Amino acid sequence: MTDFQKTSNCRICGIWQPGDLPPQTDIDAVKTAIRHVNRPVAMIEIDGRSGVGEGGRICIGAAPELESKADHYPLLVYIPPLPPEALGDSHFKTAFNLRYAYVVGAMANGITSVDMVAAAGDAGLLGFFGAAGLSIGAIEAAIGQLQARLGDRPFGFNLIHSPNEPDHEAQTVDLYLKKGIRLVSASAYLDLTLPIVYYRVKGIYRDSDGKIVCPNRIVAKVSRIEVARKFLAPPADKFLNQLQEEGKISSAEATLSRQIPMADAISAEADSGGHTDNQPALALLPTMLALRDKMVANFNYNRPIWVGLGGGIATPGAAAAAFAMGAAYVLTGSVNQACVEAGTSETVRHMLVEASQADVTMAPAADMFEMGVKVQVLNRGTMFAFRAAKLYELYNRCNSLNDIPAQDRQVLERDFFRCSLEQVWDDTRNFFLERDPRQIERAEKDPKHLMALVFRSYLGQSSNWANSGEHSRKIDYQIWCGPAMGAFNEWAAGSVLEKPENRSVVTVAMNLLMGAAVIARYNWLQIQGINLPREAGKYTALPLDQIRALLV
C-alpha cells in the first residue's frame with residue numbers, strides 16, 4: 001500500500017496552509033509524521049486523495065481569511081503532539097518531581113540496584129531500590145549511596161510485608177525514618193502492620209495554610225480489593241492508639257492521621273514476577289480506579305490518590321493500553337531484571353533474554369512459605385519451581401525433619417542442600433541469630449517451624465545463587481519473572497534491544513514510552529477516519545540517540 005485513504009466517517013474540519021514543506025501523499029510520510037511525536041500531524045485532502053502536511057498553519061473550523069487563497073488544503077484530521085513526557089497524570093509527575101509517568105519497580109535482593117535507581121532518577125523516572133530480602137546494613141549502605149548520587153532527584157525504597165519477620169520490618173521502618181527516606185513502595189502486604197502505619201503518620205503536621213502534610217509517602221502495590229481498600233482508607237484506630245500509647249506519635253499526629261489515606265498512590269499489580277495474584281490487567285485497573293473514586297468520595301479527601309498499573313507492562317502496546325485506560329503511571333519489573341544495571345548475574349540476564357511468555361510458573365515464596373503464598377518465577381533452564389514445590393509438599397505432610405521419609409531425605413541432602421539437614425539447620429540458626437533471634441526460640445520449641453526455616457533456607461539462597469551467578473547452582477536459580485519478559489523479548493527481536501548488553505533501564509523505558517505515544521497517535525488517526533496500514537503504527541525499538549532525534 002503506497003498511500004492511505006479516508007473513510008466515510010471522515011469529514012473536513014478546517015484548513016491547512018503549508019509552510020516550508022509541501023504536502024506528501026505516500027505512506028512513509030505519514031509513518032514519519034506519526035513518529036515525530038512532539039509535532040502535530042495534519043491529514044489533508046489533495047485532489048481527492050489523502051495526504052499529510054508538516055508544519056504550516058492549521059485553522060480548525062471555518063477560516064474565511066484563507067478561503068480565497070489557492071495554497072491551502074482541506075483539513076481532514078488533526079492530532080496534537082504527544083511526547084513521552086505528556087503520557088500519564090501530570091499532577092502525579094509534579095507531585096513526585098518526575099519528567100515521565102514511569103516507575104521502575106523494586107525487584108528484591110537489590111536486583112533493582114543502586115545503579116538502576118540512580119539511572120532512573122537521572123532520567124526523570126522514579127526508581128525504587130529492591131530492599132526486600134537484604135540486611136539492615138545492606139539497606140543502609142544503599143541509602144547512603146543513593147542520597148549521595150541523586151540528592152533531590154526522585155527515588156524511593158521498598159518496604160515489604162514480613163509476617164514471619166516483623167522485627168525486621170520494624171527495623172527497616174526505623175532506618176528509613178532515621179535516614180530521611182520519604183518515599184517507599186509497599187509490597188506484598190496482606191494487611192496493614194504497625195510499622196507501615198508508623199512510617200506513614202510519623203511527622204504529619206498542618207502547614208500555615210491549614211493543609212495536612214504527610215512527609216512520608218507510600219506507593220502501595222496491590223492486586224486485591226480488600227488490600228487496596230486498607231491503603232485507600234485512613235489508618236485504623238487500633239494502630240494509632242498503640243503508637244500513641246508507645247509514645248511513638250503525639251495526640252496531634254494521631255488526630256491528623258485520621259484524615260488522610262494510608263497511600264498517596266496505588267499500583268494495581270496484575271500478572272507480574274515475584275509475589276502476584278496473576279490478575280488480568282484489563283479487569284484489575286478499572287476496578288481499582290472505581291474503588292479509588294469511591295473511597296475518595298466516602299472519606300471526602302482533599303488530596304488526590306493516583307492509580308498506576310504494573311504487571312505485563314513490557315511492550316509499547318501494553319503501555320499505551322494502560323494510559324488509555326486511565327493509569328496515572330506505568331510500573332515495570334520483570335523487564336528491568338534483564339537490564340545491564342540490574343543487581344543480578346550475566347547468566348541470569350541471558351536466561352531472561354531467551355524466555356518466552358510460557359516459560360514462567362508459580363512456586364512457594366521464601367518469606368511466606370508457611371502461609372502457602374507463591375511467587376512467579378522463570379521455569380526455563382532451572383528446576384527451582386519443582387524443588388520448591390517438593391519442599392512445600394513435605395512441609396505439609398511432615399511435622400518435623402525426623403518425619404521425612406528416608407528416600408526423600410536422601411534426595412534433599414544429595415540434590416537440594418548438598419549437605420546433611422543437620423548442617424543446614426546449623427547454618428540457618430547462625431543466620432537467624434543475627435537476623436531475628438526470635439525465630440530460633442520458636443524453632444527450638446516447634447519442630448515444624450524448624451523444618452520450615454530449613455526449607456526456607458533453600459528458597460532464600462536460590463535467589464542469591466542466581467544474583468551472584470553461582471555456576472554450580474544454576475539448576476536451582478530462583479529468577480522472579482512474569483510473562484511480560486517473554487512479551488518484551490518477542491517485541492525486541494531484531495531491534496537494538498534484542499541483545500542484553502543494549503538493555504539499559506532508561507533505553508527500555510524510553511522505548512516503551514515512545515512506542516506508546518506512537519501507537520496512541522496511530523489510533524487517534526484511525527478512529528477519526530483515516531484508514532492506515534498496520535505498519536504505520538508499528539514501533540521498533542531504537543537507540544537513545546535516535547529517540548532524541550525524533551523528539552527534536
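The values are calculated or read from the model by the stated rules, or taken from the named source; none is laboratory data. Small disclaimer: the values here were computed from a predicted structure and weren't measured. Here the Cβ positions follow ideal geometry from the backbone for every residue, glycine too, while neighbour counts run over all protein chains shown.
Condition first: assigned to a loop (DSSP other than H, G, I, E, B), surrounded by fewer than 20 Cβ atoms within 10 Å (Cβ to Cβ), small (Gly, Ala, Ser) and in contact with an Asp or Glu (Cβ under 9 Å, 6 or more places away or on another chain). Can you find one or more residues in the range 195-204 that meet it? Taking every residue of the range 195-204 in turn, at least one turns out to be assigned to a loop (DSSP other than H, G, I, E, B), surrounded by fewer than 20 Cβ atoms within 10 Å (Cβ to Cβ), small (Gly, Ala, Ser) and in contact with an Asp or Glu (Cβ under 9 Å, 6 or more places away or on another chain).
Taking residues in the range 30-59 that are free of Cβ contacts under 8 Å to residues at least 24 places away in the same chain and in the same structural domain as residue 524 (by TED's automatic domain parsing), and partners anywhere that are crowded, with 18+ Cβ neighbours inside 10 Å and assigned to a loop (DSSP other than H, G, I, E, B), the pairs with Cβ atoms closer than 7 Å and at least 6 places apart or on different chains are 33/54.
Yes or no: residue 382 modelled with pLDDT of 95 or more, surrounded by 15 or more Cβ atoms within 10 Å (Cβ to Cβ) and in a loop (DSSP other than H, G, I, E, B)? Criteria met by residue 382. Residue 24 meets the conditions (1) touching a residue at least 40 places away in the same chain (Cβ under 8 Å); (2) over 30 Å from the mean Cα position of the chain (by Cα); (3) within 27 Å of residue 516 (Cβ to Cβ) in every case but one. The failed one is (1). Could you tell me whether any residue of the range 285-294 is surrounded by fewer than 16 Cβ atoms within 10 Å (Cβ to Cβ), at pLDDT 95 or above and among the hydrophobic types (A, V, I, L, M, F, W, C)? Checking the range 285-294: at least one residue is surrounded by fewer than 16 Cβ atoms within 10 Å (Cβ to Cβ), at pLDDT 95 or above and among the hydrophobic types (A, V, I, L, M, F, W, C). Among the criteria (1) surrounded by fewer than 21 Cβ atoms within 10 Å (Cβ to Cβ); (2) polar (S, T, N, Q); (3) closer than 25 Å to residue 298 by Cβ, the one residue 223 does not fulfil is (1).
Screening the range 27-50 for residues that are assigned to a loop (DSSP other than H, G, I, E, B) and more than 22 Å from residue 512 (Cα to Cα) and picking the one that is modelled with the highest pLDDT gives 47. When residue 482 is tested against (1) closer than 15 Å to residue 343 by Cα; (2) not in a helix (DSSP H, G or I), only condition (1) is not met. Looking at residue 435, is it over 24 Å from residue 134 (Cβ atoms) and surrounded by fewer than 18 Cβ atoms within 10 Å (Cβ to Cβ)? Considered against the rule, which asks whether it is over 24 Å from residue 134 (Cβ atoms) and surrounded by fewer than 18 Cβ atoms within 10 Å (Cβ to Cβ), residue 435 comes out as no.
Please go through the range 500-552 and give me each residue that is of a type in the set (S, T, N, Q) and either assigned to a helix (DSSP H, G or I) or within 27 Å of the chain's Cα centre (by Cα) (or both), ordered by number. First the steps, then the outcome.
The initial filter retains those residues of the range 500-552 that are of a type in the set (S, T, N, Q), namely 502, 504, 507, 511, 523, 526, 528, 531, 540, 546.
Of everything in the range 500-552, those that are of a type in the set (S, T, N, Q) and either assigned to a helix (DSSP H, G or I) or within 27 Å of the chain's Cα centre (by Cα) (or both) turn out to be 502, 504, 507, 511, 523, 526, 540, 546.
Of all residues in the range 124-138, those satisfying the criterion of being out of contact with any helix residue (DSSP H, G or I) (no Cβ under 6 Å at 6 or more places or on another chain) and on the phi < 0 side of the Ramachandran plot are 126, 128, 130, 132, 134, 135, 137, 138.
Tallying residues that are assigned to a loop (DSSP other than H, G, I, E, B) and touching a residue at least 24 places away in the same chain (Cβ under 8 Å) within the range 212-256 yields 11.
Would you check which residues across the range 486-499 are surrounded by fewer than 17 Cβ atoms within 10 Å (Cβ to Cβ), part of a helix (DSSP H, G or I) and in contact with a helix residue (DSSP H, G or I) (Cβ under 9 Å, 6 or more places away or on another chain) and list them? Of everything in the range 486-499, those that are surrounded by fewer than 17 Cβ atoms within 10 Å (Cβ to Cβ), part of a helix (DSSP H, G or I) and in contact with a helix residue (DSSP H, G or I) (Cβ under 9 Å, 6 or more places away or on another chain) turn out to be 496, 498. Restrict the check to the range 93-105 and report whether at least one residue is β-branched (Val, Ile, Thr), in a loop (DSSP other than H, G, I, E, B) and in the same structural domain as residue 153 (by TED's automatic domain parsing). No, that holds for no residue.
Within the range 416-437, which residues are among the hydrophobic types (A, V, I, L, M, F, W, C) and modelled with pLDDT under 95? 431, 432, 433, listed by residue number.
Condition check: modelled with pLDDT of 95 or more, basic (Lys, Arg) and under 21 Å from the mean Cα position of the chain (by Cα). Does residue 217 satisfy that? Here the answer is yes, as residue 217 does meet what is asked. Across the range 344-360, a minimum of one residue is classified as out of contact with any Asp or Glu (no Cβ under 6 Å at 6 or more places or on another chain), in a strand (DSSP E or B) and crowded, with 18+ Cβ neighbours inside 10 Å.
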